[in-house]
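The values are calculated or read from the model by the stated rules, or taken from the named source; none is laboratory data. From a predicted model like this one, the values you see are computed outputs, not experimental measurements. Positions of Cβ are backbone-derived with ideal geometry, glycine not excepted, and every protein chain shown enters the neighbour counts.
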């Protein structure tokens with residue numbers, strides 16, 4: 001990748017030099033307005049006009065090459081002096097650190113249930129069930145169900161860690177380079193979310209289903225839907241509970257990872273390794 005970028009830089013330099021690098025002095029007279037003297041020097045990049053004075057500086061071919069190389073290698077202003085590999089490693093390490101911290105926070109009792117930002121609610125697509133059951137005095141059944149699905153997410157969260165980390169290792173250098181300079185505080189997390197969610201759902205869903213059975217959520221859901229479907233004139237419902245809880249659990253984990261990524265980008269104290277300090281410190285000074 002670097003060799004291609006350097007070749008492009010050289011081509012830009014040659015093109016620029018052919019059009020802009022003119023050595024010598026040209027003097028002429030333009031009517032009653034007086035004489036105009038124009039001096040163009042390719043090697044210094046200086047342009048001077050007399051008789052309506054204009055002085056400016058034009059970047060030389062060498063300057064163009066330097067800018068392109070800096071952009072590719074991360075040596076330009078605002079990107080820090082680090083290699084592509086270091087940038088990729090920093091992004092992967094930030095995500096891994098975020099995953100570890102996120103999993104540790106949610107894989108305990110009430111890790112989901114008492115965190116209002118990620119608590120898994122009653123399935124919103126069948127909200128009418130909750131409202132109807134509460135209106136007929138079955139609110140405790142709904143409450144027990146909501147607690148049980150959050151318990152299922154909490155008990156199976158640790159199993160998501162290795163799945164996330166495996167996905168992180170597959171991130172390409174190109175992906176990492178694009179992400180590392182992104183000013184969005186959760187750019188890496190959102191990239192991972194976009195590219196791995198379906199894979200994570202497939203891998204994580206079996207353990208969620210097992211946890212739902214153990215936490216009695218499956219039983220509560222069956223009781224709820226059975227009771228609801230017996231109510232006259234209501235539309236019968238059928239929801240894939242494991243899929244719903246799995247997606248909500250994963251979404252909650254991504255939320256927690258995003259918080260950790262934001263800390264690394266903003267807070268020097270959160271950059272606990274040399275590579276994080278070098279890359280993110282070079283960008284966010």
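A few remarks follow.
- Boolean, residue 104 is closer than 22 Å to residue 214 by Cα and without any contact (Cβ under 8 Å) to a residue 40 or more places away in the chain: yes
- Residue within the range 137-146 that is modelled with pLDDT of 85 or more and outside any helix (DSSP H, G or I) present: yes
- Flag for residue 126 being within 18 Å of the chain's Cα centre (by Cα) and surrounded by 15 or more Cβ atoms within 10 Å (Cβ to Cβ): no
- Condition check for residue 126 on (1) over 22 Å from residue 196 (Cα atoms); (2) assigned to a helix (DSSP H, G or I); (3) modelled with pLDDT of 85 or more: one failure, at (3).
- Residue in the range 226-236 that is under 30 Å from residue 81 (Cβ atoms) and in contact with a helix residue (DSSP H, G or I) (Cβ under 6 Å, 6 or more places away or on another chain) present: no
- Residue in the range 210-217 that is touching a helix residue (DSSP H, G or I) at 6+ places or on another chain (Cβ under 8 Å) and farther than 25 Å from residue 127 by Cβ present: yes
- Residue match in the range 72-92 (condition: closer than 29 Å to residue 218 by Cα and either assigned by TED's automatic domain parsing to the domain that holds residue 222 or at pLDDT 80 or above (or both)): no
- Failed condition for residue 101, given (1) within 20 Å of the chain's Cα centre (by Cα); (2) buried (at least 20 other Cβ atoms within 10 Å of the Cβ): (2)
Listed here are the residues, each with its yes/no results for (1) in a loop (DSSP other than H, G, I, E, B); (2) more than 23 Å from residue 244 (Cα to Cα); (3) touching a strand residue (DSSP E or B) at 6+ places or on another chain (Cβ under 8 Å).
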position	(1), (2), (3)
165	no, no, no
175	no, yes, no
183	yes, yes, no
188	no, yes, no
198	no, no, no
201	no, no, no
205	no, no, no
208	no, no, no
212	no, no, no
